[in-house]
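Working notes, structure below.
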Amino acid sequence: MKQAINLFQHMFTCVRRVSKKRVCVSVGVLLWLLFAAVPMHAQWIKKEDLKGDYVDGEPFDLVFLNKAGEFAILKIKPITDKLPPNPLPERGDLIFEYFREGDLRLEVPYSSIARILTFNEILIEEANQWIGTKEYSKAFRNLFRVYNLGGKDDPAMVASMMNCLFLDGKKNFDMGEYELALSIFEDLYEKDSSFKVPGFDVPLISIVMSCHNGMIDRRFQIEDYIGVRRQLDSLVSKYGKKADQLKTEWKAKFLQRSNDLIVLAEKYAADGEGRQAHLAAKQADQMFPGRANVLELQKSLLVQFPLIVVGVTQDGADADPTRIEHWGSRRVGRLTQRTLIENTGLTDEGGKFEFLNGKIFPLDEVGLKYAMEIDENPKGFAVPEIDAFRLALRLTSSATETSPDYNVAWAKILKSVEIEGENRVLFTLRTPFVRPEALLKLKYSDVGENGEAVQNGFYVQTGEDNDARIYELNQIYPRHSDHQHPVIVEQVFENGSDAVDQLLSGNIDILDRVPNADLAKIRDNDRVQARPYILPTVHMLIPKIRAEAGKDPNFKNGLSHAIDRNLLVNNVISGGQAIDGCEVLSGPFPIGTEDNDQIAYAYDLKVRPLAFNAEMGMVMVDLALRAIPPVRPEPLPSPKLVIAFPGGSVASNSATAIARMWNEIGVETTTRELKRGETVPPDDNWDFLYLEVTMEEPLVDASNVIGTEGFATTVSAPIEQTLRNLSYARSWQRACADLRRLHRQTAVDLSVVPLYQVKEYFAYRDTVRAIGRDLIHLYQNVDRWKIDLTAEKEQQEK
């Protein structure tokens with residue numbers, strides 16, 4: 001207290017309150033100002049208190065008093081009137097308001113002031129300190145604030161800003177951060193193309209070109225030849241003749257690298273390494289497009305090593321054409337294995353199922369007896385041979401419980417099988433079934449001598465490395481002189497967008513699954529075409545919650561409410577684009593698309609998708625946690641959940657987004673990527689399984705997803721009864737009614753948590769011919785595929 005009184009005895013003659021009569025403030029009033037008016041007291045500060053990040057804060061000025069004022073520092077509101085002259089006059093007073101102190105106005109004699117520092121001067125002083133320590137971005141932040149606080153009209157201030165920008169750009173350039181440096185130098189160039197910093201005589205345009213040169217060289221070193229050419233073309237387009245020297249230098253480098261790649265491709269070809277030879281030849285063309293000798297080299301390589309590179313985001317481990325829940329396994333299964341009956345398209349009554357070796361047809365009007373006739377010359381090239389005895393064996397084996405090919409649905413309805421002649425087999429059903437052929441997607445044999453699936457498809461796997469698998473023509477089928485039969489290389493990409501970039505650049509020929517978000521990018525390229533598959537994928541979560549809370553329906557319902565399905569479809573799946581066929585679902589069946597709605601017969605349009613409501617979800621989860629016996633007023637801690645998902649960017653992105661949504665309502669959730677080829681974890685360490693299913697025939701595939709033979713094995717008694725009814729469906733009307741009932745039942749008990757449907761696309765370059773359209777499988781017409789470089793030649797001529 002004594003120290004405070006001494007302070008005010010010194011300050012009394014310095015600081016006076018301003019009133020109409022300009023009466024001096026008494027010591028008592030000053031004591032009140034010090035101890036009662038806290039905000040005012042806070043304005044007497046020390047030098048060490050001035051340190052801090054105030055560049056974005058409210059402006060203030062500083063008044064430094066001399067010995068008469070005990071060298072105090074006053075933090076005041078900015079002086080809006082005309083600043084006093086410098087040096088300060090000997091007589092007169094400075095009238096001011098304390099910072100954040102309302103309308104309280106005071107005055108101090110000029111004779112008691114050592115100096116006044118405005119907010120802009122404070123920022124400039126600090127900026128100079130940052131420049132001294134080469135922290136230019138911080139310095140520029142200060143200078144830019146000064147610019148916005150009236151400095152824009154000060155040429156010296158503007159020059160300081162530009163100098164600071166230049167120094168920041170040079171620092172980034174010296175560190176190899178060419179992109180950041182370029183953004184700075186181009187900004188300076190656009191403001192003043194003749195700008196120079198004292199001490200640096202190099203023209204600004206030369207510095208800009210140096211930045212571009214560094215960026216181009218970096219891309220050149222990692223063999224991003226398409227990116228190199230695009231950047232150089234953009235540079236020439238923007239700067240014209242000013243970029244001529246850089247263009248000439250890089251054109252010579254491009255030609256030299258193209259020549260080197262030609263030599264490398266020829267060496268690979270001589271060594272029998274066709275894949276590497278093709279890649280080197282493609283890069284030679286990317287490096288210097290339009291060279292006739294490169295086109296001739298590519299043609300000769302196609303004769304010597306016909307090859308097509310297919311980009312995939314999910315490899316085909318454990319290939320099986322009947323796996324509806326694994327995109328990669330199903331894709332490669334169709335390439336290397338065939339089934340007795342295959343779905344080749346859609347009809348008004350679901351899938352179009354064809355017997356590869358002949359035909360299948362009913363023998364009566366009731367639908368109990370059928371015949372399968374084997375043609376001596378079946379249509380198609382890659383059709384495995386079979387006789388009546390082996391065909392009858394396959395039909396009976398799939399109805400035998402001990403068989404590895406056991407099909408429960410087929411076993412339920414099959415009564416007998418008999419052989420009638422060398423090429424005819426009859427089978428009789430216990431009860432009519434609306435689509436028995438859909439149950440006969442049976443492999444030609446269980447396993448081979450090595451215990452693995454027999455590769456009787458048109459292609460067989462002949463090799464693999466870290467990121468690719470190689471498939472060649474199956475030697476059990478003859479070569480046809482009018483067909484190319486190229487080697488197929490499946491190259492795996494972790495990210496679908498990376499695969500799209502490689503397709504656009506020409507490094508791969510086909511992409512089996514295009515991310516919907518990248519469709520626009522593909523459609524903008526006239527050398528690449530995207531086409532839809534006729535079957536969408538249906539995405540869902542299979543619950544198996546380990547915690548006690550999972551037994552309460554409120555818990556699952558709460559989590560389901562907390563999933564923003566529209567956000568997932570619009571952002572995660574479609575990238576902000578409106579794509580027909582990508583829709584939120586209310587059940588486990590496809591809703592179809594405008595072009596192909598035949599597959600939608602199982603979907604009940606009366607059941608609306610669950611609306612997103614995070615608050616509702618949080619409340620329902622809370623209720624479930626309170627209800628765990630014994631019932632308690634406070635909820636138990638939420639269990640930790642794990643979402644398991646198969647490999648692939650679609651499932652990964654979606655599962656991660658759902659986990660984030662559940663974390664936001666207080667349910668701690670992590671994700672777990674399954675091992676290659678897995679769609680169901682081999683252990684119990686999971687609570688939800690992310691599933692993406694390609695349903696070729698919902699009538700048959702419903703039980704492959706729901707029920708004891710599916711993935712969602714924990715179902716209610718009513719659902720079990722509906723599934724039994726489906727297995728004996730005698731008419732399409734009955735089948736559709738049961739499927740829609742199943743839709744409604746799962747929507748209520750959430751034995752399956754529906755998410756959305758995704759319309760799937762494949763894409764290919766114009767050099768690939770006969771790939772087909774309206775495909776169910778990518779490799780549906782693989783026996784006719786060929787590479788034709790006519791399009792390359794036409795492009796070069798253009």
Counting sequence-distant residues (5 or more places) and residues on other chains, those with an amide H built under 5 Å from that of Tyr761 are Val514, Tyr533
Asn571 versus Glu376: modelled label distance in nm, points set 7 Å from Cα along the beta carbon direction | 6.6
What ³J(HN,Hα) values, in whole Hz, does the Karplus curve 6.51 cos²θ - 1.76 cosθ + 1.60 give for segment 297-302 when θ = phi - 60°, with x put for Gly and Pro?
-> 4, 4, 5, 5, 5, 5
Which value results when the Cα radius of gyration for segment 125-211 is divided by 2.2 N^0.38 Å?
-> 1.05
What list of ³J(HN,Hα) couplings, whole Hz, do you get for segment 691-699 from phi and the Karplus terms 6.51, -1.76, 1.60, once you set θ to phi - 60° and write x for glycine and proline?
-> 10, 10, 10, 9, 8, 7, 8, x, 3
On average, how much accessible surface per residue is there in segment 148-228, in Å², for a 1.4 Å probe, leaving out ligands, DNA and RNA?
-> 52
HN-Hα J couplings of segment 569-575 from phi, Karplus 6.51/-1.76/1.60, θ = phi - 60°, integer Hz, Gly and Pro as x?
-> 5, 6, 9, 5, 8, 9, x
Which order, highest average first, do 656-662, 766-772 follow once you tally other Cβ atoms within 10 Å for each residue and take the mean per peptide?
-> 656-662, 766-772
Sort 186-199, 692-705 for me by packing, meaning the mean count of neighbouring Cβ atoms within 10 Å per residue, highest on top.
-> 692-705, 186-199
Please name which of Ser237, Asn120, Val310 has its Cα lying farthest along the dipole of the chain towards the positive end, using unit charges on Cβ (Lys, Arg +1; Asp, Glu -1) and the Cα centre as origin.
-> Asn120
Rule-of-thumb Rg ratio for the chain [Cα; 2.2 N^0.38 Å; N residues] = 1.37
Dipole magnitude of segment 349-487 about its Cα centre (Cβ charges: Lys, Arg +1; Asp, Glu -1), debye to nearest 20 = 500
Report in % the part of the accessible area of the chain that belongs to carbon and sulfur, leaving out ligands and nucleic acids; probe 1.4 Å.
-> 50
Rounded to the nearest 10 degrees, the helix 274-287 long axis (Cα) sits at an angle to the longest Cα principal axis of the chain of 40
Placed amide H near Val487: partners under 5 Å, 5+ positions off or other chain | Leu307, Ile308
Val680 paired with Asn781, simple spin-label distance in nm, labels 7 Å along Cα-to-beta-carbon = 3.7
Would you compute, from DSSP H runs of 4+ residues alone, the mean residue ellipticity of the chain at 222 nm, taking -39500 (n - 2.57) per run and dividing by the full residue count, rounded to the nearest 500?
-> -11500 deg cm²/dmol
Lys pairs, segment 180-296 - Cα-Cα below 23 angstrom, 8 or more residues apart or on other chains = 18
Taking N as the number of residues in segment 728-778, the ratio of its alpha carbon radius of gyration to 2.2 N^0.38 Å works out to 1.88
Can you list the lysines whose alpha carbon sits under 20 Å from that of Lys441, skipping same-chain ones fewer than 8 residues off?
-> Lys352, Lys359, Lys369, Lys379, Lys412, Lys415
Förster-model FRET efficiency, 60 Å R0, Glu615 and Asn66, C-beta, rounded to 0.05 | 0.45
Using modelled amide H (1.01 Å from N, peptide plane; none on Pro or chain starts), what sits under 5 Å from the amide H of Leu363, excluding residues fewer than 5 places away?
-> Lys369, Tyr370, Ala371
Cβ-placed point charges (K, R +1; D, E -1), dipole of the chain about Cα centre in debye, nearest 20 = 2680
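The values are calculated or read from the model by the stated rules, or taken from the named source; none is laboratory data. The structure presented is a predicted model; accordingly, all values stated were derived computationally and were not measured. Virtual Cβ from ideal backbone geometry, glycine too; neighbours counted across all protein chains shown. The area values use the complete protein model at the heavy-atom level, side chains included, leaving out ligands, DNA and RNA. Shrake-Rupley method; radii C 1.70, N 1.55, O 1.52, S 1.80 Å.
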